[in-house]
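As structure tokens, the structure follows; a few thoughts come after it.
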Number of protein chains: 2
Amino acid sequence: MSNKDETVRPEARLPKGLFDVPAEEIRASAAMLATISDVFESYGFEPLDTPAIEYSDALGKFLPDQDRPNEGVFSFKDDDGEWLSLRYDLTAPLARYVAANYATLPKPFRRYQSGPVWRNEKPGPGRFRQFTQFDADTVGAASVAADAELCMLAADTLEALGLRGQYVVKVNNRRILDGVLESIGLGGDNQAPRRLLVLRAIDKLDRLGLHGVEALLGKGRKDDSGDFTKGAELERNQIVPILSMIEPGRDRGDQIAVIDFGVGGSEIGTAGLKELEQINSLIAVAGYSDRIRVDPTVVRGLEYYTGPVFEADLTAPITDNRGQPIRLGSVVSGGRYDGLVERFTGEKVPATGISIGVSRLLYGLKTLDKLSTESAQGPVVVPVLDRDRIADYQSMAMKLRRAGIRAELYLGESGMKVQMKYADRRGAPCVVIQGGDEHAKGEVQIKDLILGATLTAIKDRDEYLKKQAEAQFPVPESKLVEAVRDVLARHKA
Amino acid sequence: MSNKDETVRPEARLPKGLFDVPAEEIRASAAMLATISDVFESYGFEPLDTPAIEYSDALGKFLPDQDRPNEGVFSFKDDDGEWLSLRYDLTAPLARYVAANYATLPKPFRRYQSGPVWRNEKPGPGRFRQFTQFDADTVGAASVAADAELCMLAADTLEALGLRGQYVVKVNNRRILDGVLESIGLGGDNQAPRRLLVLRAIDKLDRLGLHGVEALLGKGRKDDSGDFTKGAELERNQIVPILSMIEPGRDRGDQIAVIDFGVGGSEIGTAGLKELEQINSLIAVAGYSDRIRVDPTVVRGLEYYTGPVFEADLTAPITDNRGQPIRLGSVVSGGRYDGLVERFTGEKVPATGISIGVSRLLYGLKTLDKLSTESAQGPVVVPVLDRDRIADYQSMAMKLRRAGIRAELYLGESGMKVQMKYADRRGAPCVVIQGGDEHAKGEVQIKDLILGATLTAIKDRDEYLKKQAEAQFPVPESKLVEAVRDVLARHKA
């Protein structure tokens, strides 16, 4: 029917930056998320879920690297003309939730939330338009003990994922930078856009190095592709104090002293330094100094942080799928944001939190071979030899399932050869075969596919025959479950 | 600062039809989803995740009760001008996935997926704009054994959730209705819109009764609010054969015979009946006849079903939160959709699936008291009596956590009275107190809040003093973990 061929068919494709997640990754991810939940729960954090869609004005615009309004967010109009957006992180919805429910919440309020967030960004390597975050936040606690706790929570979580000795949690205080900026004439509301440029320049230290940051603080920087990023247009005497604070290669033994020098007596900077000292001391007493370190280069690119900021990086080398070393970036990041709830209520509500980049951490764990290897075993497959007896084959699969064994009936129309290939493809440890002969004798054949695959490598005839007999053998139908259990036991790790 | 008061603040609210999910419901839901996954896995289904956003044309328009284009779906334009939509179910994304990956999939392909879907509908009681579905589908299996398997999977899942004897799975075949419609002159492409009206009318039998359906098949129906829904405008002699097929009160002993009579020899109807008989026979052999029943009134409101259709209903009475009986609707629904992948490829790919309405099922389980009652125990709370010793209090919480006990440090600024209220609010089984006196003696006080709450009811003085001593007692700091463990053991179920 030529008519049919002319039908315009939709293309089976996904929009850029969006991906399907295969079974193996879902299982690994679920195991990782369960471990993270356990650690968060142990600290007394409670789960919360919020919807994917919120009023755009409730979410606000707090994305890094997005200066234009509405940039970076998927938005659409509701029937009544109001703008809605897909959440771009889990912090903005939390602020909305806390503002709406403040009276009835326990205070301080510790909550954790895990779920997808969406960014309407130009996708690229490692940049997705949907990805998963796992956040823990403490709302209503002004004490830096809450910040110190989150740093320890990050450390304990990475330990629980098997990363001992392969990560570092870095902590700093945004107010220290604010002090430096004030001292070079960048204080006050009218300098806010420039302060943000400085913040984002410093946040790129890891990627661009000190010279790159220097360029971004000054006139600007041309990247490898030839694109020019305009700089913060600071003068030389403004740039130097900033660079001296973040310059690598200094003696990292006493970061506090380094910072003290840089702050140079500014009030806000001194207050930030004092908080940092308190956090450092809480961390030391708790015995985390080897894993949580003060680092003045950590500023985080988000405008809304108001005090302590932290991030966790993997220290072990990470490679891409061709073995080339790559810069993974922080697997945990966070900080204090005392102004987010105030946006709604006008009242200051202190808050601090961390966010785990789930995909990034999963990739790191995979590369470092720390993923739970316990993947689901393929099901036992029951092929269909005689289509009229499909109910009998179904019963066999059911018997196995009732005994706690993953099992499936072959549901296609193909012959035995294709069915055996299917069983291989499904990772079946064995198949259960009953043709007419076996049926007449009240028997089934159990075929061990894992053992069977090793047979061709056996040179010795007697050995071969012995193994062959083990790899395929008849049992009375009544012994089906037992026999399959025996085969599964052969291949238990 | 009057300036500040004039700031326009966003309102902390959610768009209609969208809801936050509190901790208790998240925990109950997670336990239910884990049970469902286990059953689905045991049948050999593999997990898959697809993104929330797809190309609008790839999703198509297959919503029930939505005849206007784009109605019912949240859509927005991508940067390149292409329309994107939030998925409204998990079936359309599966069809896209299968069409894109057909060559490399095992065939038949069993997959399960769980996640939120979005409907841009007028929200109402029990109608949300974001809700969770849990689907299992088998793609590439033309055999009705695949449909029978899904009915049994639904039954086994409801059994695993503790609903034995409180549910029924109903199965029918869409082609039987197609046969009846053909026999009354509603066959052929140009009658498709009218067939859809008939379908949706029948699908409302449960809610509107036979007279309501009759009205919708004829001129139309005015509902309680006075709104008029236009009918399918069938003649009397067209309506009667449809009603006689779905009329309740007939002897339900042999549904197949009832249907056979209704089909009246139409080719497509006879083919549908034959498939239904085959499914019925597979179900009978497998011993599910008490839980899975043929029911000619099941048609499902979705246009794309091409053969067997099924649904599962709870048979136990369900009430709302004021104890009034409510119609919960189907907790599982599904059917065969042989055309969905063909939309993309032009090649027929048989497919069949079920979808669990997670919120609805959760509500049913809650009402029937079948929810896992094992909620997370509140954390042990360590109050802060001396703010200078916060590091010490933190260490106590840490010691408890390291021993596997959920524990948290109080992070607020309030005095002891508020801190004790906080501990109550958190459901803490006990608190660990160390003031100056205890510290000097190297002791801590353990206060059992559960036992403590029972003290006021004790009349006998000696009994009171004995219990009081049990409810609060000092231990050496080195025995902290042991003592807390003992208190927790008192209150284990």
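Before moving on, here are some points about what is shown:
- Against the list (1) modelled with pLDDT under 95; (2) open to solvent by less than 10 Å² (accessible area, probe 1.4 Å), the condition A:Ser56 fails is (2).
- Qualifying residue in the stretch B:317-324 (condition: surrounded by 14 or more Cβ atoms within 10 Å (Cβ to Cβ) and either at pLDDT 95 or above or touching a helix residue (DSSP H, G or I) at 6+ places or on another chain (Cβ under 6 Å) (or both)): yes
- B:Ser330 vs. criteria of a type in the set (Ser, Thr, Tyr) and within 14 Å of chain A (Cβ to nearest Cβ): no
- Filtered residue count, the stretch A:418-457, keeping only those that are away from chain B (no Cβ under 14 Å), among the basic types (Lys, Arg) and either surrounded by fewer than 14 Cβ atoms within 10 Å (Cβ to Cβ) or under 18 Å from A:Ser478 (Cβ atoms) (or both): 1
- Annotation note: of B:Ser289, B:Ser281, B:Ser333, the sole residue that is in a helix (DSSP H, G or I) and open to solvent by 20 Å² or more (accessible area, probe 1.4 Å) is B:Ser281.
- Just one of (1) farther than 30 Å from A:Glu24 by Cβ; (2) within 14 Å of another protein chain (Cβ to nearest Cβ) fails for A:Asp295. It is (2).
Here is a yes/no grid of residues against (1) touching a helix residue (DSSP H, G or I) at 6+ places or on another chain (Cβ under 8 Å); (2) charged (D, E, K, R); (3) more than 30 Å from A:Ala95 (Cα to Cα):
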site: A:Ala351; (1), (2), (3): yes, no, no
site: A:Arg360; (1), (2), (3): no, yes, no
site: A:Tyr363; (1), (2), (3): no, no, no
site: A:Thr367; (1), (2), (3): no, no, yes
site: A:Ser372; (1), (2), (3): yes, no, yes
site: A:Asp386; (1), (2), (3): yes, yes, yes
site: A:Ala391; (1), (2), (3): yes, no, yes
site: A:Ser395; (1), (2), (3): yes, no, yes
site: A:Leu400; (1), (2), (3): yes, no, yes
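- Screening B:Val475 on (1) in a helix (DSSP H, G or I); (2) open to solvent by less than 50 Å² (accessible area, probe 1.4 Å); (3) in contact with an Asp or Glu (Cβ under 8 Å, 6 or more places away or on another chain) shows it passes everything except condition (1).
- Among the residues of the stretch A:192-220, those identified as over 11 Å from A:Ala232 (Cα atoms) and of a type outside the set (A, V, I, L, M, F, W, C) are A:Asp203, A:Lys204, A:Asp206, A:Arg207, A:Gly209, A:His211, A:Gly212.
- Odd one out for A:Lys122, checked against (1) under 29 Å from A:Gly72 (Cα atoms); (2) of a type outside the set (A, V, I, L, M); (3) touching a helix residue (DSSP H, G or I) at 6+ places or on another chain (Cβ under 9 Å); (4) assigned to a loop (DSSP other than H, G, I, E, B): (3)
- Being in contact with a Pro (Cβ under 9 Å, 6 or more places away or on another chain) and either modelled with pLDDT of 90 or more or part of a loop (DSSP other than H, G, I, E, B) (or both) is not true of A:Val258.
- Within the stretch B:345-362, the set of residues being of a type outside the set (Gly, Ala, Ser), under 8 Å from the mean Cα position of the chain (by Cα) and open to solvent by 10 Å² or more (accessible area, probe 1.4 Å) comprises B:Arg360, B:Leu362.
- Candidate set from the stretch B:347-397 (those that are away from chain A (no Cβ under 14 Å) and of a type in the set (D, E, K, R)); member that is farthest from B:Ser29 (Cα to Cα): B:Asp369
- Residues in the stretch B:39-57 that are under 12 Å from B:Tyr112 (Cα atoms), at the interface with chain A (Cβ under 10 Å from one of its Cβ atoms) and not small (Gly, Ala, Ser): B:Val39, B:Glu41, B:Tyr43, B:Phe45, B:Glu46, B:Pro47, B:Leu48, B:Asp49, B:Thr50.
The values are calculated or read from the model by the stated rules, or taken from the named source; none is laboratory data. From a predicted model like this one, the values you see are computed outputs, not experimental measurements. Note that we place each Cβ from the backbone using ideal geometry, even for glycine, and neighbour counts take in every protein chain shown. Accessible surface areas use protein heavy atoms only, side chains included; no ligands, DNA or RNA. Shrake-Rupley method; radii C 1.70, N 1.55, O 1.52, S 1.80 Å.
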